[in-house]
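**Q** Below: one structure in structure tokens.
The values are calculated or read from the model by the stated rules, or taken from the named source; none is laboratory data. Small disclaimer: the values here were computed from a predicted structure and weren't measured. Don't worry about glycine lacking a Cβ; one is built from the backbone with ideal geometry, like all the others, and counts go over all protein chains shown.
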Amino acid sequence: MDVDHDTLVSVSKSWGLFYLIAFSIGVLIYTFWPSNRKRFDKAKKNILRDEDDKPWK
Amino acid sequence: MVKQLTSGERQFAAVILVVLAVLGIAMAAAGRADPLGVHGLIVLLYSGALLYVVLSSFYEREPDLSLRTRYYDDPIKVGIALTMAWAVFGMFIGVWVAAQLAWPNLAFDAAWSSFGRLRPAHTTGVIFGFGGNALIATSFHVVQRTSRARLAGQISPWFVLFGFNLFCILAVTGYFMGLTQSKEYAEPEWYADLWLVVVWVVYFILYIRTLARRREPHIYVANWYYLAFILVVAMLHIVNNIAVPVSLGHAKSYTVWAGVQDAMVQWWYGHNAVAFFLTAGFLAMLYYYLPIRAGRPIFSYRLSILSFWGITFFYMWAGSHHLHYTALPHWVQNLGMTFSIMLLVPSWASAGNALLTLNGAWHKVRDDATLRFIMVAVIFYGLSTFEGSFMAIRPVNSLSHYTDWTVGHVHAGALGWVAMITFGSLYTLVPTLWKRERMYSAMLVEVHFWLALAGTLIYVFAMWNSGIIQGLMWRTYTQEDTLAYSFLDSLVAMYPYYIARAFGGLLFLLGAIVASYNIWMTVRYSPEALTDRAPAGPDQGPLPENVTAPAE
């Protein structure tokens, strides 16, 4: 199959848009998923808590 | 650094270096009088020097393996030293080329010191030498601390660090010999590029393996940025540097990309180098060292995730804004322009997130020059991302492109954002790493801060003025529809600004020298303060309310 310039242009102008929209929705769902809240909260606080400056194992 | 290795690891290090030395000899033999031959000699000397270091401690007592339950900080320490050495070198060359624009005689009539060769030596010195070493060193620190895991390798961190510096040395010495691929920020020739691929793959594996050792289920966001930096730079570097050498005994190569495709690939690379080398990795520093220094968690973790994906996915498409009004199809230019404008959203989300983290801790910003470095970096980040989006708009670009405005914009980012966040991070990191209470001199941090800020402002304002004047002079027509000014007229008008720019750069260089001295003295002076803990005062930086200070 010969992929010419016009094919590439139309693919990027249509599917390019849809995949980015789908991707953004995916990111939003991940970010605001309720059960992720605790995990994010822990992650942001835990970096400030390093009692002995040693690895865990 | 060799003493921490077991005898098996010392042997392995020696084998790697011998192989590298043999490669150097092969390059020298194949290249002969060609610059490739000179580079072969440099590779030989470099690996020989490192081999000497390894062999001179080869039979020393083996290390206590119980020490391996601690963090691996030696490569970070060497990385910081290399960062500062490259900073002084790269910025010195920068001041020199800037001065050449005002006083061309400063090229001293030699080929190696002409503007065209010094300029890439400056950009490579500061971006890859200074920025790259800072990224490698801080990434080794951040990944260990946030994962609470030791680096997953004894030799690979050294391989990454010294391998990367060999690449930088080959790059800079190549420019002095007149060697270049003529691709901006990708000037080094094919063999140096191949070497960087090897180094980078090792870096990626090391980083992933260290993350795999973590205990937390969630990977802290700073690591996402570092990973994006490592992964995307590999991708960009490989695609943009696909080239065919004239022969294996010749340094010169030709790219496989032709015409407008070459231009597009180059600026896809070039703009994403800004995005993933000069932004993603430094945002990683921001997301770790800002909370640590301020003693407060990041304002919104969710916002940091949203801006991460925004930045990674929008930046990918923005590169074509470098090719407005060229043979590149119009719709591709539009695409680049649109994504550049959209980029403002995640960029300002990051900047806003950082400033809101500081909200409520402004007294610390006032008292602590290190935190002030970070705050000013954030402000310049916000400023230059806004400016970048603005300049990507086609009609604006018609005024700004090819003028000093672009140079001003780049330096608002490079001096104001990249260098400032690096210095803020280093001043936080150095005392922690060497177990010092604080930097040797808080006064010198303060001096450095004001030198850096004054230097940046002078530089950027000079280039804004000069760039806009240039742009306007080039597009002014007389009533007879001829150009009102010759190119030479515009050059004469630039003269005072070129002097101001060189002066601003000089201030910034002086600041970097002050920082190097301060770091050196912090390392050298053993802490009498460890037992005697003085209360927090303005000259030792603020102590966070609820956690141990980074300086402890």
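**Q** More than 14 Å from chain A (Cβ to nearest Cβ), over 17 Å from B:ILE238 (Cα atoms) and assigned to a helix (DSSP H, G or I) - does that describe any residue in region B:178-199?
**A** Taking region B:178-199 as the starting set, the residues that turn out to be more than 14 Å from chain A (Cβ to nearest Cβ) are B:178-199.
The next check asks that each one be over 17 Å from B:ILE238 (Cα atoms); those that pass are B:178-179.
Now drop any that are not assigned to a helix (DSSP H, G or I), which leaves none.
No: zero hits.
One line per residue, one yes/no per condition, for (1) surrounded by 15 or more Cβ atoms within 10 Å (Cβ to Cβ); (2) of a type in the set (D, E, K, R); (3) modelled with pLDDT of 95 or more:
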site	(1), (2), (3)
B:LEU36	yes, no, yes
B:LEU45	no, no, yes
B:SER66	no, no, no
B:MET84	yes, no, yes
B:LEU106	yes, no, yes
B:PHE115	no, no, yes
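**Q** Being out of contact with any His (no Cβ under 7 Å at 6 or more places or on another chain) and buried (at least 17 other Cβ atoms within 10 Å of the Cβ) narrows it down to one of B:ALA442, B:ALA484, B:ALA493, B:ALA454, so name that one. Break it down stepwise before answering.
**A** Working: B:ALA484 fails: buried (at least 17 other Cβ atoms within 10 Å of the Cβ); B:ALA493 fails: buried (at least 17 other Cβ atoms within 10 Å of the Cβ); B:ALA454 fails: buried (at least 17 other Cβ atoms within 10 Å of the Cβ).
Going through B:ALA442, B:ALA484, B:ALA493, B:ALA454 in turn, just one is out of contact with any His (no Cβ under 7 Å at 6 or more places or on another chain) and buried (at least 17 other Cβ atoms within 10 Å of the Cβ): B:ALA442.
**Q** Hey, could you check region A:23-57 for residues that are at the interface with another protein chain (Cβ under 7 Å from one of its Cβ atoms) and of a type in the set (A, V, I, L, M) and say which is nearest to the chain's Cα centre (by Cα)?
**A** Looking at the filtered set, the residue picked out is A:VAL27.
**Q** A further question follows. Return yes when B:VAL126 is touching a Leu at 6+ places or on another chain (Cβ under 8 Å) and in contact (Cβ under 8 Å) with a residue 60 or more places away in the chain and no when it is not. Break it down stepwise before answering.
**A** On the way: touching a Leu at 6+ places or on another chain (Cβ under 8 Å): no; in contact (Cβ under 8 Å) with a residue 60 or more places away in the chain: yes.
Here the answer is no, as B:VAL126 does not meet what is asked.
**Q** Now a separate question. Quick one: which residue in B:ALA192, B:ALA212 is of a type in the set (A, V, I, L, M) and surrounded by 20 or more Cβ atoms within 10 Å (Cβ to Cβ)?
**A** Values: B:ALA212 fails: surrounded by 20 or more Cβ atoms within 10 Å (Cβ to Cβ).
Going through B:ALA192, B:ALA212 in turn, just one is of a type in the set (A, V, I, L, M) and surrounded by 20 or more Cβ atoms within 10 Å (Cβ to Cβ): B:ALA192.
**Q** List the helices (runs of 4 or more DSSP H) inside region B:374-484, counting only whole elements, that have at least 3 residues being of a type in the set (Phe, Trp, Tyr). Quick ask: steps written out before the conclusion?
**A** Numbers: elements: B:394-400, B:404-411, B:420-433, B:442-474.
Once the helices (runs of 4 or more DSSP H) in region B:374-484 are filtered for at least 3 residues that are of a type in the set (Phe, Trp, Tyr), what remains is B:442-474.
**Q** Looking at region B:207-246, which of the residues that are over 22 Å from B:LEU286 (Cα atoms) and of a type in the set (S, T, N, Q) is farthest from the other protein chains (Cβ to nearest Cβ)?
**A** If we take residues in region B:207-246 being over 22 Å from B:LEU286 (Cα atoms) and of a type in the set (S, T, N, Q), then B:ASN241 is farthest from the other protein chains (Cβ to nearest Cβ).
**Q** Also: Any idea how many residues of region B:215-245 are β-branched (Val, Ile, Thr), surrounded by fewer than 20 Cβ atoms within 10 Å (Cβ to Cβ) and within 30 Å of B:ALA30 (Cβ to Cβ)?
**A** In the first step, residues of region B:215-245 are kept if they are β-branched (Val, Ile, Thr); the result is B:219, B:221, B:230, B:232-233, B:238-239, B:242, B:244.
Imposing the further condition that a residue be surrounded by fewer than 20 Cβ atoms within 10 Å (Cβ to Cβ) reduces the set to B:219, B:232, B:238-239, B:242, B:244.
Within this subset, residues satisfying the condition of being within 30 Å of B:ALA30 (Cβ to Cβ) are B:238-239, B:242, B:244.
So the count comes out to 4.
**Q** Quick one: in region B:68-82, which of the residues that are buried (at least 17 other Cβ atoms within 10 Å of the Cβ) and within 14 Å of chain A (Cβ to nearest Cβ) is modelled with the highest pLDDT?
**A** The qualifying residue modelled with the highest pLDDT is B:ILE76.
**Q** Do any helices (runs of 4 or more DSSP H) lying entirely in region B:292-369 carry at least 2 residues that are hydroxyl-bearing (Ser, Thr, Tyr), touching a residue at least 40 places away in the same chain (Cβ under 8 Å) and away from chain A (no Cβ under 14 Å), and which ones are they?
**A** B:344-358
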